[in-house]
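Comments concern the structure below.
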Amino acid sequence: ASRVMVASRNYGDFASEASFEIKKCDLHRLEEGPSTTAVMTREEGLHYYKTMQTIRRMELKSDQLYKQKIIRGFCHLYDGQEACCVGIEAAIKPTDHVITAYRAHGFTFTRGVPVREILAELTGRKGGCAKGKGGSMHMYTKNFYGGNGIVGAQVPLGAGIALACKYFGKNEVCLALYGDGAANQGQIFETYNMAALWKLPCIFICENNRYGMGTSVERAAASTDYYKRGYFIPGLRVDGMDILCVREAVKFAADYCRAGKGPLVMELQTYRYHGHSMSDPGISYRTREEIQEVRSKSDPITLLKDRMVNNNLASVEELKEIDVAVRKEIEEAAQFATTDPEPPLEELGNHIYFNEPPFEVRGPNQWIKYKSV
């Protein structure tokens with residue numbers, strides 16, 4: 001009966017779009033900032049909701065598979081920060097470029113990799129997006145350059161991608177993301193300098209989730225105004241728990257870069273619900289009450305859901321149906337990720353270089369050689 005009701009309401013009773021007042025961004029060396037009003041269509045809202053819910057469920061499933069020892073090694077989960085990656089993707093073009101740190105599952109999904117390939121990569125299977133060789137920290141797809149395991153090293157790489165954007169004159173931008181824990185790295189400041197000198201179309205984005213591993217930002221940084229860290233580069237501080245704030249800010253930043261004005265530094269104030277990685281319970285340096293308070297007051301999915309229901313963009317029943325469909329998709333993806341075969345040993349030497357003639361690679365036994373393809 002509820003399905004019939006939702007179907008009948010789809011055509012007439014829902015508003016096609018709504019306008020929202022959003023939090024003003026803090027500005028550094030900018031006279032004007034992003035709009036404080038955002039328009040969201042019903043179609044956009046449903047897409048954002050489903051995407052964020054998919055990432056949330058995928059990360060919870062990853063947690064479960066890790067505890068069952070099906071996922072091994074490092075695993076850094078993104079739940080709580082979904083508004084960042086979904087808001088960013090909503091504001092840029094598929095031809096723009098994204099590079100991030102090791103908390104990369106959400107970005108891998110928003111850049112177009114199916115859940116089953118992400119989970120299969122986590123379990124080290126042949127059907128993974130990096131053919132089971134990359135794991136949690138090394139996932140890639142077109143115009144997405146990973147997951148990078150070396151703290152902060154993706155930032156100079158992102159500037160290099162931005163240099164290529166400028167060199168080829170395609171009017172594309174690169175978004176280089178890093179966490180508050182990486183924000184004190186010297187290579188980041190060196191990169192700011194080059195990017196400003198060469199006016200690179202690069203948006204440097206600090207996802208400030210308040211803790212670098214187990215250290216709070218207040219204990220790690222003399223200045224926690226990460227958006228001002230570019231000094232001579234303009235900056236924005238954004239509510240990273242509000243998808244519309246993120247979307248409008250990134251649209252503004254992308255337009256700024258495309259206009260040839262050079263780079264921009266952005267700080268997204270967000271929060272992670274899990275610990276730093278699966279080996280960190282996440283409650284030795286913060287209280288359960290703190291996590292619960294963020295969940296109850298600032299959860300990005302709940303915030304979007306309330307906005308949509310209160311502005312007649314969707315019904316509670318319709319969003320529940322999306323939840324059910326998402327859970328089913330995640331379960332099917334997990335089934336694939338636990339039954340798909342592991343890559344054979346012969347593939348060990350493959351995909352080391354792009355477009356190179358085959359050459360021999362020594363295997364785990366020095367007398368065994370593999371042809372690289």
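The values are calculated or read from the model by the stated rules, or taken from the named source; none is laboratory data. The model shown is predicted, which means the values in this text are computed figures rather than measured ones. Counting neighbours? That spans all protein chains shown, and the Cβs are built from the backbone with ideal geometry, glycine included. What goes into the accessible areas is simple: the full protein's heavy atoms, side chains included, and nothing from ligands, DNA or RNA. Shrake-Rupley method; radii C 1.70, N 1.55, O 1.52, S 1.80 Å.
See the values below:
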quantity: Förster radius 25 Å - calculated FRET efficiency between K69 and R327, Cβ distance, rounded to 0.05; calculated: 0.65
quantity: Separation between Cα centres of segment 281-295 and segment 18-81, rounded to whole Å; calculated: 19
quantity: Accessible surface, segment 42-192, averaged per residue in Å² (probe 1.4 Å); calculated: 36
quantity: Cβ-Cβ FRET estimate between R286 and K369, R0 fixed at 41 Å, reported to 0.05; calculated: 0.20
quantity: Segment 1-126: proportion of alpha-carbon pairs further apart than 26 angstrom, %; calculated: 41
quantity: DSSP-loop trypsin sites (Lys or Arg not before Pro) across segment 204-274, with at most 13 other Cβ within 10 angstrom; calculated: K261
quantity: Ranked by how many other beta carbons lie within 10 Å on average, peptides 358-365, 238-245, 181-188 from highest; calculated: 238-245, 181-188, 358-365
quantity: Spin-label pair H47/K126, simplified geometry with 7 Å Cα→Cβ offset, distance in nm; calculated: 3.5
quantity: FRET E, pair D13, A259, Förster distance 35 Å, beta-carbon r, rounded to 0.05; calculated: 0.25
quantity: Among L244, P300, Y66 - extreme Cα towards positive end, dipole of the chain, charges at beta-carbon; calculated: Y66
quantity: Residue-averaged 222 nm ellipticity for the chain, from DSSP H runs of 4+ at -39500 (n - 2.57), nearest 500; calculated: -13000 deg cm²/dmol
quantity: Segment 136-287: Rg to Rh, with Rh as the Kirkwood radius over Cα pairs; calculated: 0.97
quantity: Of N193, N355, N171, the one that fluctuates the most in a GNM where the chain has Cα springs shorter than 10 Å; calculated: N355
quantity: Sorted peptide list for 297-305, 346-354, criterion being average Cβ within 10 angstrom, highest first; calculated: 297-305, 346-354
quantity: Near-label residues of segment 38-74 by backbone N, under 16 Å of a point 7 Å along Cα→Cβ of N310; calculated: 38-40
quantity: Extended-chain gain in nm, criterion 0.36 nm per residue less alpha-carbon gap, S216 and V361; calculated: 47.8 nm
quantity: Label-to-label distance, nm, for residues given as L197 and F232 (7 Å Cα→Cβ offset); calculated: 0.9
quantity: Rg(Cα)/(2.2 N^0.38 Å) for segment 285-373, N = residue count; calculated: 2.02
quantity: Expected-Rg normalisation [2.2 N^0.38 Å, Cα atoms] applied to the chain; calculated: 1.02
quantity: Label point distance in nm, E21-F168, each placed 7 Å from Cα along Cα→Cβ; calculated: 4.4
quantity: Within the accessible area of the chain (1.4 Å probe), percent carbon and sulfur; calculated: 51
quantity: The chain: antiparallel DSSP beta bridges as a percent of all, rounded to 5; calculated: 40
quantity: Cα-centre dipole for the chain with unit charges at Cβ (Lys and Arg positive, Asp and Glu negative), debye to 20; calculated: 660
